[in-house]
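What follows is one structure encoded as structure tokens, with my remarks underneath.
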Amino acid sequence: MSEIYSGTKFETKFLGERFEYIKRTDELIYWGKYLSEHRMAPKYPGGSSGNISFRLSEMGKQFIITATSTDLENLKSDDFVLVENVFLAEKKIVVFGKKEPSSESMLHFSIYAQRPDVMAIFHGHWPDLISLATQFGFVQTKNEQEYGSLALVNEVLEVIDNNNFIIMKNHGFLSMAKSIAQAGVIIQSIKLSTITQLENPDA
């Protein structure tokens, strides 16, 4: 997608800088590095093209997500934001943390709301895979939409159903699962199968 990153497209209300440390952020740090090292979340000046999150409880609104303009390869404890609530109509997000939450926080919130089974979401901009989405038959949104927009949210909600891996047209991928580890395993299996198909197209 040609759109240049220009920050979040919502208002952020900070309730405070501190929140209880959640051990699972260690898992996010691991997978952030993985996505970066495998070019699934390419770097740009000041950050990485991707974001990762996990929900604190089933059916709950709270989730931990990486901050906007974050280097996923070198995540630190203050690179995470606790999203307390999201008001889509007002484009307003209520958080605890020191930084603005990811520009795709409205998207993560909406997926969690529609899919009670999803507890973790990985989003990246994997150029090689996105260009081959149709060839490999991945579930894909119908239209290309601007990052961080409600239009993108609506496109995604139309196709997620029970699909745990989708491509946002000309934008990026979403891996959704019951745990952080499972979201990572989906990415690894997609990577392996893609490489296998490219190396053995007639297999």
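Just to be sure, is ILE121 at pLDDT 95 or above, under 23 Å from THR196 (Cα atoms) and aliphatic (A, V, I, L, M)? Against the criterion (at pLDDT 95 or above, under 23 Å from THR196 (Cα atoms) and aliphatic (A, V, I, L, M)), ILE121 does not qualify. When the range 51-107 is filtered for residues that are among the charged types (D, E, K, R) and in a strand (DSSP E or B), the ones remaining, listed by number, are ARG55, GLU84, LYS92.
Listed residues GLU155, GLU146; which is touching a residue at least 12 places away in the same chain (Cβ under 8 Å), in a helix (DSSP H, G or I) and not β-branched (Val, Ile, Thr)? That would be GLU155, the only listed residue that is touching a residue at least 12 places away in the same chain (Cβ under 8 Å), in a helix (DSSP H, G or I) and not β-branched (Val, Ile, Thr). Once the range 44-103 is narrowed to residues that are of a type in the set (Lys, Arg) and closer than 25 Å to ASN154 by Cα, the residue that is modelled with the lowest pLDDT is LYS61.
In this structure, does VAL94 turn out to be in contact with a Lys or Arg (Cβ under 7 Å, 6 or more places away or on another chain), in contact (Cβ under 8 Å) with a residue 40 or more places away in the chain, more than 27 Å from GLU144 (Cα to Cα) and surrounded by 15 or more Cβ atoms within 10 Å (Cβ to Cβ)? Judged against the criteria, VAL94 is a match. Taking into account only those residues within the range 31-45 that are touching a residue at least 24 places away in the same chain (Cβ under 8 Å) and assigned to a loop (DSSP other than H, G, I, E, B), which is surrounded by the most Cβ atoms within 10 Å (Cβ to Cβ)? Ranking the qualifying residues of the range 31-45, first place goes to ALA41. Summed over the range 61-91, residues that are surrounded by fewer than 20 Cβ atoms within 10 Å (Cβ to Cβ), closer than 13 Å to ILE22 by Cβ and touching a residue at least 24 places away in the same chain (Cβ under 8 Å) total 1.
In the set GLU27, GLU104, which member is surrounded by 22 or more Cβ atoms within 10 Å (Cβ to Cβ) and charged (D, E, K, R)?
Selected residue: GLU104, the only one of GLU27, GLU104 that is surrounded by 22 or more Cβ atoms within 10 Å (Cβ to Cβ) and charged (D, E, K, R).
Of all residues in the range 131-157, those satisfying the criterion of being under 26 Å from LYS91 (Cβ atoms), of a type outside the set (Asp, Glu) and surrounded by fewer than 16 Cβ atoms within 10 Å (Cβ to Cβ) are LYS142, ASN143, ALA151, ASN154. Restrict the check to the range 20-30 and report whether at least one residue is over 16 Å from the mean Cα position of the chain (by Cα) and either assigned to a strand (DSSP E or B) or of a type in the set (A, V, I, L, M) (or both). There is at least one residue in the range 20-30 that is over 16 Å from the mean Cα position of the chain (by Cα) and either assigned to a strand (DSSP E or B) or of a type in the set (A, V, I, L, M) (or both). Can you say whether ARG55 is surrounded by 18 or more Cβ atoms within 10 Å (Cβ to Cβ), touching a helix residue (DSSP H, G or I) at 6+ places or on another chain (Cβ under 9 Å), within 20 Å of ILE187 (Cβ to Cβ) and basic (Lys, Arg), as far as the supplied structure shows? In short, yes.
Any chance the range 131-144 includes a residue that's touching an Asp or Glu at 6+ places or on another chain (Cβ under 8 Å) and within 18 Å of ALA41 (Cβ to Cβ)? Scanning the range 131-144 turns up no residue that is touching an Asp or Glu at 6+ places or on another chain (Cβ under 8 Å) and within 18 Å of ALA41 (Cβ to Cβ). When LYS33, LYS23 are checked against the criterion of being more than 21 Å from MET106 (Cβ to Cβ), out of contact with any Ser or Thr (no Cβ under 8 Å at 6 or more places or on another chain) and either of a type in the set (A, V, I, L, M, F, W, C) or at pLDDT 95 or above (or both), LYS33 stands alone in meeting it.
The values are calculated or read from the model by the stated rules, or taken from the named source; none is laboratory data. Keep in mind the model is a prediction, meaning the values are calculated, not measured. Here the Cβ is made from the backbone with ideal geometry for all residues, glycine too, and neighbour counts use every protein chain on show.
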